[in-house]
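So the structure is just underneath, and the comments pick up after that.
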């Protein structure tokens, strides 16, 4: 079974430029997450989708970040314009069930991530 | 507030046993997860505990005490490939909260 797919794996841009990341979750997983991970830190949730609905975007910097999950499968995360502090690894994860059921089916599986460097 | 604590770094010798501790304070509890993350790679799921006690999976075991807000990951018969960061993550009311990770270095 294919895992979570992300592209690109690496991206280097200059500040003020736009950038977009793409994620394809595990087939059948209704819940999709975008995380940001800074060096030496654990992942921090940016946004969570249940199917095509964004149910938790409280940590998403909405002035420059946007995300969509059309048709409830693939998702795109965009930053416009990028700032130096946005340099990080952007991880996508998916789970069969949402994280509130206290069951192993809410286990999240991560993609390889996109390492963004903003110069 | 929500807080997850784990040691920053640990070292161990190949073939030995190591225990990585995690203490947590979160609003709500829907299970505790351990992930392994090699440098430059994505976190990989290792274990899940929702009830008190020990869960064993081959060389890896994970323990949970909900009353103490405490968990540990036990790695036996350490191998060089076990050198990685180990992330403790707690399922809160509606999201997963990650610790900063414990970087384990295994020496020959």
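If R₀ is 22 angstrom, what is the calculated FRET efficiency for the pair residue A:83 and residue A:30, using the beta carbon separation as r and rounding to 0.05?
On the way: r = 32 Å, r/R0 = 1.47.
It comes to 0.10.
Please report Rg (one decimal) and Dmax (integer) in Å for the Cα set of segment A:1-55.
That works out to 13.2, 38 Å for Rg and Dmax.
When the Cα centres of segment A:54-103 and segment B:72-100 are compared, how far apart do they sit, in Å?
Value for the Cα centre distance between the two parts: 22 Å.
Which FRET efficiency value, to the nearest 0.05, is calculated for residue A:70 and residue B:2 with the Förster distance at 30 angstrom and r the Cβ-Cβ distance?
0.40
Could you check how many percent of all C-alpha pairs in the protein assembly as shown are farther apart than 21 Å?
Value for the protein assembly as shown (Cα pairs over 21 Å): 55 percent.
Label residue A:38 and residue A:12 with points 7 Å out from Cα along Cα→Cβ: what is the distance between them in nm?
In this crude label model, residue A:38 to residue A:12 measures out at 2.3 nm.
Shielding by partners for B:91-100, please: the mean number of other protein chain Cβ atoms within 10 Å of each residue's Cβ.
6
Using Cα springs under 10 Å in a Gaussian network model of chain A, which residue among A:33, A:90, A:109 shows the largest mean-square fluctuation?
A:109
Could you compute how fast segment B:68-108 diffuses translationally, taking Rh as the Kirkwood radius over C-alpha pairs and applying Stokes-Einstein at 10 °C with viscosity 1.306 mPa s? Give it in µm² per second.
Here the translational diffusion coefficient equals 132 µm²/s.
Among B:13, B:93, B:26, which one shows the biggest mean-square fluctuation in a GNM of chain B, springs joining Cα atoms closer than 10 Å?
Residue with maximal mean-square fluctuation among B:13, B:93, B:26: B:93.
Distances over 11 Å make up what percent of all Cα-Cα pairs in segment B:1-42?
On the way: 665 of 861 pairs.
That fraction is 77 percent.
For peptide A:35-45, what's the mean number of Cβ atoms from other chains within 10 Å of each residue's Cβ?
5
Rounded to two decimals, what is the ratio between the C-alpha radius of gyration of segment A:9-119 and 2.2 N^0.38 Å?
1.03
Once you place label points 7 Å from the Cα toward the Cβ at residue B:57 and residue B:16, how far apart are they in nm?
Going from the residue B:57 label point to the residue B:16 one covers 2.5 nm.
I need two numbers for segment B:43-102: Rg to one decimal and Dmax as a whole number, Cα atoms only, in Å.
Values for segment B:43-102 (Cα only, Rg and Dmax): 12.1, 37 Å.
Just checking the output field for B:42-48: average partner chain Cβ neighbours within 10 Å of each residue's Cβ?
Numbers: counts 15, 10, 3, 6, 0, 2, 5.
Neighbouring Cβ atoms belonging to other protein chains average 6 per residue here.
Starting from the Cα coordinates of chain B, work out the convex hull volume and express it per residue in Å³.
With only Cα atoms used, chain B gives 91 Å³ per residue.
Using a Gaussian network model of chain B whose springs link C-alpha atoms within less than 10 Å, name the residue from B:52, B:94, B:82 with the highest mean-square fluctuation.
B:94
Quick note: the coordinates plus some simple rules give every number you see, no bench work behind them. The structure presented is a predicted model; accordingly, all values stated were derived computationally and were not measured. Virtual Cβ from ideal backbone geometry, glycine too; neighbours counted across all protein chains shown.
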